[in-house]
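Where a number appears in this text, it was derived from the coordinates with a stated rule and is not lab data. Quick caveat, the model's predicted, so the values are computed rather than measured. Cβ: placed from backbone, ideal geometry, glycine included. Neighbour counts: every protein chain shown.
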Amino acid sequence: MVTGATDGIGKETARGLAAGGARVLLHGRDAGRAQAARRDIVSSTGNEQVEVVLADFQSLRQVRDLARQVHGLTDRLHVLVDNAGVYQERRHLTEDGLETTFQVDYLAPFLLTNLLLDLVLAAAPARIVVVSSGVHQRAAVDLDDLQGARRYDGYAAYALAKLGNLLFTYELAERLRGSGVTVNALHPGAVSTKLLHAGFRPSGGAPPGEGARTPIYLATSPSVATTSGAYFVDEHPTTSSPASYSRELRTAFWELSERLSGLAGDEPARAVG
Ligand SMILES: NC(=O)c1ccc[n+]([C@@H]2O[C@H](COP(=O)([O-])OP(=O)(O)OC[C@H]3O[C@@H](n4cnc5c(N)ncnc54)[C@H](OP(=O)(O)O)[C@@H]3O)[C@@H](O)[C@H]2O)c1
């Protein structure tokens, strides 16, 4: 399954997995765009086993519904690529009352991944791949203002969410040690997508197919079959920011995210740790 597979890096990752013969669950937030991406991938790969699942990550209710859709379609998930993301120049709140970048890029994948863990564990050996960003290096964390209520800056909100992706990756990898499920994160490079052009530069960037190389590598390569809790750039494990290795931050983010997403109230079978 690939989230945010209607465009950019996610779409090319889904295409690569379909080309390799996998059955692919293609996540989108808009039915028309998702069906168009499906048609495009099916016609370019000849693989008909591409199915659409829908949810807008600005709604945690829809994220929960997405987990139910996936449970209805399969009893195991060998690969989950948490890719969907957005860049928001201006502060905007979701229907859950949370800052949009924080929710779409960080909290929704936190919740979704936890709600799908039983399917990933059932498929072990299995892999979770989290698309973070090198921009995480610029994150400044104020645990009392993760929603940017006091001060909002689009770049800072994005950097914070992408640091959150890494804290999540490292914590989950530790919780899943010995389970046969690996969890790794990556920076895809500067890739020509609407996200890059909305937030970072108006044009340029590598073709999306290039950006999909490391996610596909982490999802499929035998050489990383047992690697877990690592951060990759250009198919190589790399050191992430000092903050991303802070145990204190990891725990604080996890506990806060459980509360904000309502995961703490879920059945124990669906949550780990
Ligand atoms: N491009 C880069 O240079 C770069 C660099 C570092 C990291 N990244 C990361 O790469 C990932 C993919 O981004 P991209 O560059 O490929 O951007 P993109 O082309 O804009 O694709 C983003 C994907 O996320 C989906 N999405 C956006 N908002 C959503 C929401 N509210 N609910 C559900 N899905 C939503 C989009 O759906 P729609 O098609 O409906 O918009 C699209 O499928 C992101 O996590 C991003 O942070 C990108």
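Observations on the structure shown:
- With at most 13 other Cβ atoms within 10 Å, longest stretch of the chain clear of loop trypsin sites (Lys or Arg not before Pro) (DSSP): 178-273
- Computed from point charges on the beta carbon alone (+1 for Lys and Arg, -1 for Asp and Glu), the dipole magnitude for the range 159-273 about its Cα centre is near 200 Debye.
- Here the scattering of the range 123-165 is modelled by Debye summation over its C-alpha atoms, one equal scatterer each and no solvent; at q = 0.32 Å⁻¹ the log10 of I(q)/I(0) is -1.13.
- Gain on full stretching of the segment that runs from R150 to R201 - 0.36 nm per residue minus C-alpha separation: 15.7 nm
- Dipole moment magnitude, nearest 20 debye, the chain about Cα centre, only Lys, Arg, Asp, Glu C-beta charged: 340
- Loop GluC sites (Glu not before Pro), the range 30-123, which have at most 16 other Cβ atoms in a 10 Å radius of their Cβ (DSSP): E48, E89, E95
- Value of relative contact order over the range 186-268, rounded to a whole percent, pairs C-alpha under 8 Å and six or more apart: 24
- Projected onto its three principal axes, the C-alpha set of the range 17-90 covers 40, 30, 20 Å, listed from the longest axis down.
- Shape call, the range 85-232: gyration tensor on alpha carbons, a/c limit 1.5: oblate
- Taking Lys and Arg as +1 and Asp and Glu as -1, the other residues whose beta-carbon sits under 12 Å from that of L98 total -2.
- Looking at the chain, the DSSP beta bridges with both ends there are about 15 percent antiparallel.
- Once backbone amide H atoms are built at 1.01 Å from N, V52 has L26 as its partners under 5 Å, excluding neighbours fewer than 5 places away on the same chain.
- Think of the range 1-139 as having a plus end and a minus end, set by charges on the Cβ of Lys, Arg, Asp and Glu; of M1, Y87, H71, M1 sits farthest toward the positive end of this dipole.
- Neighbours of S241 by Cβ distance under 12 Å: Lys/Arg scored +1, Asp/Glu scored -1, total +2.
- Stokes-Einstein D for the chain, Kirkwood Rh over Cα pairs, 25 °C, 0.890 mPa s (µm²/s): 134
- Judged by the ratio a/c of the largest to the smallest principal axis of the C-alpha gyration tensor, the range 20-145 counts as prolate, that ratio being 1.5 or greater while a/b is larger than b/c.
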